[in-house]
Amino acid sequence: MGWNCRECQAFVEKFEGALGKGKGRKLYAYKVMMAKKMIKFNRDFDNFKTACIPWERKIKEVESHFGSSVASYFIFLRWMYGLNLVLFAFMFGLVVLPEVMMGLPYGSIARKTVPRAEQERAMDISVLLDFGGYCKYSILFYGFYNDERTIGVLQFRLPLSYLLVGVGIFGYSLMVVIRTMARNSDEGGDGGDDGQFTFAFKMFTSWDYLIGNPETADNKYASITTSFKESIVDEQENQKDENIHLRRFLRVLANFLILCSLGGSGFLIYFVVKRSQEFANLDQDELSWFEKNEVEFVMSLLGLVCPPLFETIAELEEYHPRIALKWQLGRIFALFLGNLYTFLFALFDEVNLEKEKSIRNATIWGLNEYYSNYSSYHNTTDIPPPDIHPADVIRGPCWETAVGIEFVKLTVSDIQVTYMTILIGDFLRAMIVRFLNYCWCWDLEAGFPSYGEFDISGNVLGLIFNQGMIWMGAFYAPGLVGLNVLRLLTSMYYQSWAVMSCNVPHERVFKASKSNNFYMGLLLLVLFLSLLPVVYTIMTLPPSFDCGPFSGREQMYNVVMETIENDLPAFIGNIFTYATNPGLILPAVLLMVLAIYYLNATSKNYQNANLELKKKMQMVNEHYQLNYLAKRPGAAANGKGVNLQNDVSLAAPNPKAAVTHPPGPRGLSGNARGPPPGPVRGRGRGTPPPRH
Amino acid sequence: MKEDVKVKVLIPLLIFIIFLCSRLHGRYHELAPHLVPMDYTNEPDVKIPLALIVSMPELNENPFRNRIVESFSEDGAGNLSFNDFVDMFSVLSETAPRELKAIYAFKIYDFNVDNFLCKEDLEKTLNKLTREELSPEEVTLVCEKAIEEADLDGDSKLSFADFENMITRAPDFLR
């Protein structure tokens, strides 16, 4: 432990105060001690915060065995769970709880009671599983909520709260998605120069010398091996030779086949929906289960069959696995989008406004008759309300509850299909392969069925579209968000168990792109698409006259107008009137467009400046290396070309588009060697060793 | 000025060292109680063999434990006297300077002790890291790439200068 003079001086300067240089020694020592305690406290608090993140160890375990792309699915699932938990808190705390605690109980008014005609079957399990009977007239659906302006001691305004929560769910989700996208794109921008020593760093710095636990050590070995394999795949991709024409032709062929299958599935759904509209006109009791649920069945079937079909066709294309995943995601997205929107059109077609108008008119007419009879019979003007039991009142069809029921049924069937698929497709398959292998002619594990691989694209898209359905259905069925929270929780445990026990790692393990913005971008798109039907309903369709928190009003958003007129001071009403003036809104929109354009231009300029700085750094580095080499005896200027880092992330268009940087000045040894010959040396995107 | 430095630095330093040493010696002693004396007045020449040292919990899970102990021993066979023992832990600690760590890291990865990291050394390192789960082609590919990346003087093996140049750019080479 030899200390030279330089180090001694540094030691003294550091501890000058503590060694008693003079005045203020005690205060200095105290300050130093408090600073140290503060640092320790901060570090402990950070450790605590990290320990609080749920499922972290489980995800790390999956990552070490299966690679970062499979783990990124579970991280996404965890993020969704957090989002849904917050949405559930909003819906439950601001809509469901007030109605339950301060509103009228079941059976007190017409909309909260099962009608007389349905009462004998209301408790049957088959009716309950179809969300009819007592389920239909419960807090799960829109129709239960009363339309009184204020309820309870606290004067809680339920209709206003319902509307604001319905819209607020979208607003909050939008904010969270955009914030996550911004944060991800921020991290994706570092990278810098570490593509230069990928393999060397991995070899010499990836082991954590602080590991003492054997299980942790096992995980670490697995993750190091996987990380090496990922880099090897990247390197091999960059070295492959290609026959361009054959490849292009195969790719065009593959795209054509896939377009055909997409068209086929669209046509099938259209056909089935038309048939279901015919079935709706027949008597419900005569239809078999299959005919009643045909639409959901066909949609689930398409969702199961098409993705593997797309994957098989995609083998013609021979893309890098990361790029192939992106294509697969895009195609499955198109499939699910077509399915979902067809389903939506079918649903809103069934909203039969004529029938409702006729029942409403009949009710009003009946009431008027009652009043005129009563006043002519008893000769008073003070008429009590009609004395009918709530179960006997004539009801309108209440289309919002019907729509809510459809969404809940679709979500439930989606959950069932997903879990069944995992059970049969993965677990049963693994059992069969493992146990039948002893008495089978060919090797089941290496040959035909073998163990399944985890289907990342299918699962991610399933998650995204499930969320889209929740967003659409939450307005009509407040209980749906709670259902989704339960579903995500069980999914996390179920899928992580299934992956660890029934799946094998992909043959070609590849690194997930650092920026998860691709998933987030899809989610954003789905968010906008699911916002449209809800906003359309709120603005255009009239609410049912006898069920839900907006009954009796012309449009749903009238609640907001009423609140502004009655509850808020007069000048706020004036402000709103001015603010909704088109003369004010158009300039505001124009201003926002200009701001977007300006910010876009600024960000492009910053990116260019960044690139220039990187190039400068490269040149300086090269210059230093050449000088350093020239100083060593007998060293010739080495013709190592500089490779600008190749961005092979999920967002990059073509991994082969590497740029060769012309080599720097060669003045010193007079050796006129040009840039190295041979194929372009691209680099996979280097990352520092996985943090642990 | 030099007298001042000696007094102000060496005395607290001495106290600090004595305190640490007593704890370290406790650990050294418990590895082989019958071998290690508590009394050093006669300057006994005691060395603990390799097998006992790698059984320490801090080193037990480390794939390079044998090499670590060997590179700190004087005879190169892994028998550590107390001096060597203290040296080893001081280099492995967080407070050791970066250059020192680089020197010893080079020694650890140099399996055939020829002051160069040649391809065989790298292959051994890789196999220890992945517990031989990679195929031979993959191992060859990785070693070739690593030498390509770090070798500056073009002799297809890494001298200490090459290694140091590479390792000082590593983001988390401190543990």
Check: Ignoring ligands, DNA and RNA, how much accessible area is buried between chains B and A, both sides summed, with a 1.4 Å probe, to the nearest 100 Å²?
Finding: 4500
Note to self: Quick check: with the 1.4 Å probe, what order do A:Tyr341, A:Tyr493 take by accessible area, largest first?
What the structure shows: A:Tyr493, A:Tyr341
Next item on the list: May I ask you to evaluate 6.51 cos²θ - 1.76 cosθ + 1.60, the Karplus curve with θ = phi - 60°, for each residue of the stretch B:20-26 and list the ³J(HN,Hα) values in order in whole Hz, giving x for glycine and proline?
Entry: 4, 4, 5, 5, 4, 5, x
Check: If ligands, DNA and RNA are left out, what is the accessible area of A:His389 with a 1.4 Å probe, given in Å² to the nearest 10?
Finding: 90
Note to self: At 1.4 Å probe size, with the rest of the protein present, what percent of the exposed accessible area of chain B is carbon and sulfur atoms?
What the structure shows: 56
Margin query: For A:Phe156, what residues show an amide H to amide H distance below 5 Å, using hydrogens built from the backbone and excluding near sequence neighbours?
Written below: A:Ile151
Next item on the list: Name the long-range amide H neighbours of B:Leu158: under 5 Å, sequence gap of 5 or more, or other chain; modelled H, no Pro or chain starts.
Entry: B:Leu117, B:Cys118
Note to self: Could you report the accessible area of B:Arg65 in Å², rounded to 10, computed with a 1.4 Å probe on the protein chains as they sit in the structure?
What the structure shows: 70
Next item on the list: Please list A:538-549, A:33-44 highest first by mean number of surrounding beta-carbon atoms within 10 Å per residue.
Entry: A:538-549, A:33-44
Notebook entry, point to check: How do A:Lys409, A:Lys614, A:Lys49 rank by accessible surface area computed with a 1.4 Å probe, from largest to smallest?
Noted result: A:Lys49, A:Lys614, A:Lys409
Notebook entry, point to check: Applying the Karplus parametrisation 6.51 cos²θ - 1.76 cosθ + 1.60 with θ = phi - 60° to the phi angles of the stretch A:394-407, what ³J(HN,Hα) value in whole Hz is obtained for each residue in order, glycine and proline being reported as x?
Noted result: 6, 10, x, x, 6, 5, 5, 5, 4, 4, x, 4, 4, 5
Margin query: Could you report the accessible area of A:Trp442 in Å², rounded to 10, computed with a 1.4 Å probe on the protein chains as they sit in the structure?
Written below: 120
Checklist line | Fraction of accessible area attributable to carbon and sulfur, the stretch A:376-458 (%, probe 1.4 Å) | finding: 64
Margin query: From the protein chains alone at 1.4 Å, what is the descending order of accessible area for B:Glu133, A:Glu453, largest first?
Written below: B:Glu133, A:Glu453
Next item on the list: Determine the distance separating the Cα centre of the stretch A:67-107 from the Cα centre of the stretch A:268-345; give it in Å without decimals.
Entry: 27
Checklist line | Nonlocal amide H pairs with B:Leu80, under 5 Å, H built at 1.01 Å | finding: B:Ile48
Check: the stretch B:151-165: which residues show an accessible-area loss of 20 Å² or more, assembly versus chain alone, 1.4 Å probe?
Finding: B:Leu152, B:Asp153, B:Ala161, B:Asn165
Notebook entry, point to check: What number, in percent, do you get for the relative contact order of the stretch B:20-93 if the mean sequence gap of Cα pairs under 8 Å and at least 6 apart is divided by its residue count?
Noted result: 28
Next item on the list: Place the peptides A:69-75, A:531-537, A:401-407 in order of packing, highest mean first, counting for every residue the other Cβ atoms within 10 Å and averaging per peptide.
Entry: A:401-407, A:69-75, A:531-537
Next item on the list: Of the options B:Ala102, B:Ile147, B:Val113, report the single residue whose Cα projects farthest towards the positive end of the charge dipole of the stretch B:88-151 (beta-carbon charges: Lys, Arg +1; Asp, Glu -1).
Entry: B:Ala102
Item checked: Karplus-derived HN-Hα couplings along the stretch A:66-76 (A = 6.51, B = -1.76, C = 1.60, θ = phi - 60°), whole Hz, x at Gly and Pro -> 10, x, 6, 6, 5, 5, 5, 4, 5, 5, 4
Item checked: Theoretical ellipticity at 222 nm over chain B - DSSP helices of four or more residues, -39500 (n - 2.57) apiece, nearest 500 -> -16500 deg cm²/dmol
Margin query: Is the C-alpha gyration tensor of the stretch B:98-174 telling us rounded, prolate or oblate? Criteria: a/c under 1.5 is rounded; beyond that, a/b larger than b/c is prolate, otherwise oblate.
Written below: prolate
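The values are calculated or read from the model by the stated rules, or taken from the named source; none is laboratory data. Nothing here was measured: the structure is a model prediction, and the numbers come from that model. Virtual Cβ from ideal backbone geometry, glycine too; neighbours counted across all protein chains shown. For the accessible areas, the whole protein counts, side chains as well, though only heavy atoms, and no ligand, DNA or RNA atoms are used. Shrake-Rupley method; radii C 1.70, N 1.55, O 1.52, S 1.80 Å.
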